[in-house]
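The values are calculated or read from the model by the stated rules, or taken from the named source; none is laboratory data. Since the model is a prediction, treat every value here as computed from it, not as a measurement. No Cβ is skipped: glycine too gets one built from the backbone with ideal geometry, and neighbour counts run over all protein chains shown. We work out accessible area using only protein heavy atoms, side chains counted, and drop any ligands, DNA or RNA first. Shrake-Rupley method; radii C 1.70, N 1.55, O 1.52, S 1.80 Å.
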Amino acid sequence: RAVGDGIYGIDQNGLCTFINDAALELLGYRRDEVLGQNTHALFHYKYPDGRPYPRSKCPVHQTQQDTQRRRIEEWLIHKSGEPIPVEISITPVELGENQGAVVVFRDIRERLKAEEQERITNVAFEYMQPIVITDRDQRIIRVNPAYTQMTGFTAEELINKTPRLLRSGHHDDAFYQKMWQQIEKQGYWQGEIMNRRKDGGIYAEWLTIAAVKDNAGEVTHYVASVHDQTEQKKTQARIEKLAFYDPLTELPNRRLLRNRLEHSLASLAREKHGGALLFIDLDNFKTINDTMGHAVGDQLLVQIAGRLREVTRKSDTVARLGGDEFVVLLTNLDIDPKVAETQAQHVAEKILRALSQPYTLAGRNHNLTPSIGVSVFNNHHKDADQLLKQADIAMYQAKDAGRGAIRFFNPQTQQRLEKQVQMELALRDALEQGLLSYQLQPIVNTAGKIVAAELLARWPQPDGSNTPPSEFIPLAEKTGLIIPCLLYTSDA
């Protein structure tokens, strides 16, 4: 409970002549323990840290000496030994020819605690994250330096304004209505919001708003703390770029291409459209790398990326898979496969023309052509890997056609390639198991003399038949599984 001011009087010797109940309660003594006692020796004999307090330095004693009134902050010692901070007023009193004094003191412990808390709060307010305080009508009454630094506005420009001054236009009225409904219901709101600095720059911030209420539960103020997420967003963007973009050309990489292709496939049935993959490989790129160096090769790849961006739509994805392989994902093509093929053909021809133009490398013009494989898809296709494989197969068809060509995927080609792969695996097994048989067929000259011999291979099958050499010999030559063997005889 609140206790009034303590009052006591002393005579010329510093002995207590009277003391009120408030003083006794504050100091913890009974009246008979104080009256007639030296008050300095009783409850003003030491400093708060325990050092002795000389009577000569006591302000009460000094008032007795110079008869000057004093009002200062001091401390008195409770009967338990605890120092009590007090605000003390000392008034000199004439006692005949002698000088006494009346002392009035007030316990200031709560005030000092409040002041300490305010100092801590002020330090936090001034030096921590941006903070803004408004009244119940959302008019700004206080901002800290971090907030003015973040927004670019001075405190004078913000005081008596509302935070609507910072709105960026990125959020509609419904957004703010929902935000304030939550504050009214729960007393706080937090979330990401886009605001505008004084210079017009848009920035992202993580905003926390808390309502301050009085004892009656009525809102008196709103306190908002802000965390500028600009640098965090930049860091996230850098991480995303490293994860999803090719560092050389800044094109989407295989991972991002795959994500977008899967998203396109998932939306085909719903949005009623088709798409296409264009697999692009540069003809003779290795020659430039080998003869002019990888740095020049990198310059060429950057130019290729720029030309691909120029001839495709913003809605399309141009990606670099690695090396000299690029893929263009076309979306929003016609649902009719024939029409979609025509649309994809048109884009492929634009790419072929653009990439076949001369390139300036190391001060010289160089010519290069692309081979382009195209795979058209609609809502019947669900597998991204299969589509990439089909476009890749079509690209190799374009290379086989003489390079600088465009070819569309067809299932017959894939079947033939799959059959070749199966035959290659079977041939390797046959070689490891020694299942092939060999015969030497003599080669004679016009005189009928044997001059050489041809090694003939036979590949018997479990059913007793033989795989025709015309099928597996070209495959063996292509895959490096055959070694030419010539048997020469002497003229003797």
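Under the condition of being touching a Cys at 6+ places or on another chain (Cβ under 7 Å) and more than 19 Å from SER80 (Cβ to Cβ), which residue from segment 10-36 is surrounded by the fewest Cβ atoms within 10 Å (Cβ to Cβ)?
GLY36
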Practice task
Tell me which residues, restricted to segment 38-90, are among the charged types (D, E, K, R) and closer than 19 Å to PHE18 by Cα.
Solution key: LYS79
Problem - Looking only at segment 354-367, and only at residues there that are over 16 Å from VAL318 (Cβ atoms), at pLDDT 90 or above and of a type outside the set (S, T, N, Q), the one that is most open to solvent (accessible area, probe 1.4 Å) - result: PRO358
Fill in the blank from the handout: Being surrounded by 10 or more Cβ atoms within 10 Å (Cβ to Cβ) and at pLDDT 75 or above narrows PHE408, PHE472 down to just PHE408
Exercise for the section: Consider LEU361 carefully, then state whether it is farther than 25 Å from GLU262 by Cα and aliphatic (A, V, I, L, M). Expected result: yes
Completion exercise
By residue number, the members of segment 243-279 that are at pLDDT 85 or above, assigned to a helix (DSSP H, G or I) and not small (Gly, Ala, Ser) are PHE244, ARG254, ARG255, LEU256, LEU257, ARG258, ASN259, ARG260, LEU261, GLU262, HIS263, LEU265
Practice task
Could you look through segment 321-342, keep only residues that are out of contact with any helix residue (DSSP H, G or I) (no Cβ under 7 Å at 6 or more places or on another chain) and surrounded by 17 or more Cβ atoms within 10 Å (Cβ to Cβ), and pick out the one that is nearest to GLY274 (Cα to Cα)?
Solution key: ALA340
Handout entry: Condition check for THR39: open to solvent by 70 Å² or more (accessible area, probe 1.4 Å), touching a residue at least 24 places away in the same chain (Cβ under 8 Å) and either on the phi < 0 side of the Ramachandran plot or not basic (Lys, Arg) (or both)
Key = no
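Criterion first (modelled with pLDDT of 95 or more and either in a helix (DSSP H, G or I) or farther than 25 Å from LEU242 by Cα (or both)) does ALA295 satisfy it? Before the answer, list the steps.
Working: modelled with pLDDT of 95 or more: no; either in a helix (DSSP H, G or I) or farther than 25 Å from LEU242 by Cα (or both): yes.
Answer is no for this residue.
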Practice task
Please go through segment 139-187 and pick out each residue that is among the acidic types (Asp, Glu) and farther than 20 Å from GLN129 by Cα.
Solution key: ASP172, ASP173, GLU184
Exercise for the section: Select, from LYS213, LYS161, LYS185, the only residue that is loosely packed, with under 12 Cβ neighbours inside 10 Å and either over 24 Å from ALA146 (Cβ atoms) or out of contact with any Phe, Trp or Tyr (no Cβ under 7 Å at 6 or more places or on another chain) (or both). Expected result: LYS185
Practice task
Enumerate the pairs (first residue in segment 144-165 and at positive phi; second residue anywhere and open to solvent by 60 Å² or more (accessible area, probe 1.4 Å) and not small (Gly, Ala, Ser)) with beta-carbon separation below 9 Å, excluding pairs fewer than 6 apart on the same chain, so at least 6 apart or on different chains.
Solution key: GLY152/LYS198; GLY152/ASP199; ASN160/ARG139; ASN160/ILE141
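Please find, within segment 280-292, the residue that is nearest to GLU325 (Cα to Cα) out of those that are open to solvent by 70 Å² or more (accessible area, probe 1.4 Å) and either modelled with pLDDT of 95 or more or of a type in the set (S, T, N, Q) (or both).
Among them, the one singled out is ASN284.
Which strands (runs of 3 or more DSSP E) sit wholly inside segment 153-233 and have at least 3 residues that are aliphatic (A, V, I, L, M) and in contact with a Gly (Cβ under 8 Å, 6 or more places away or on another chain)?
Numbers: elements: 188-196, 202-213, 219-228.
Of the strands (runs of 3 or more DSSP E) lying wholly inside segment 153-233, those with at least 3 residues that are aliphatic (A, V, I, L, M) and in contact with a Gly (Cβ under 8 Å, 6 or more places away or on another chain) span 202-213.
Every residue, every condition in (1) closer than 21 Å to LEU15 by Cβ; (2) of a type in the set (Lys, Arg); (3) modelled with pLDDT of 90 or more, yes or no:
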residue: GLN65; (1), (2), (3): yes, no, yes
residue: LEU76; (1), (2), (3): yes, no, yes
residue: GLU87; (1), (2), (3): no, no, yes
residue: LEU95; (1), (2), (3): yes, no, no
residue: VAL123; (1), (2), (3): no, no, no
residue: THR134; (1), (2), (3): no, no, yes
residue: ILE140; (1), (2), (3): no, no, yes
Exercise for the section: Could you list all residues from segment 191-207 that are surrounded by 15 or more Cβ atoms within 10 Å (Cβ to Cβ) and without any contact (Cβ under 8 Å) to a residue 24 or more places away in the chain? Expected result: ILE193, TRP206, LEU207
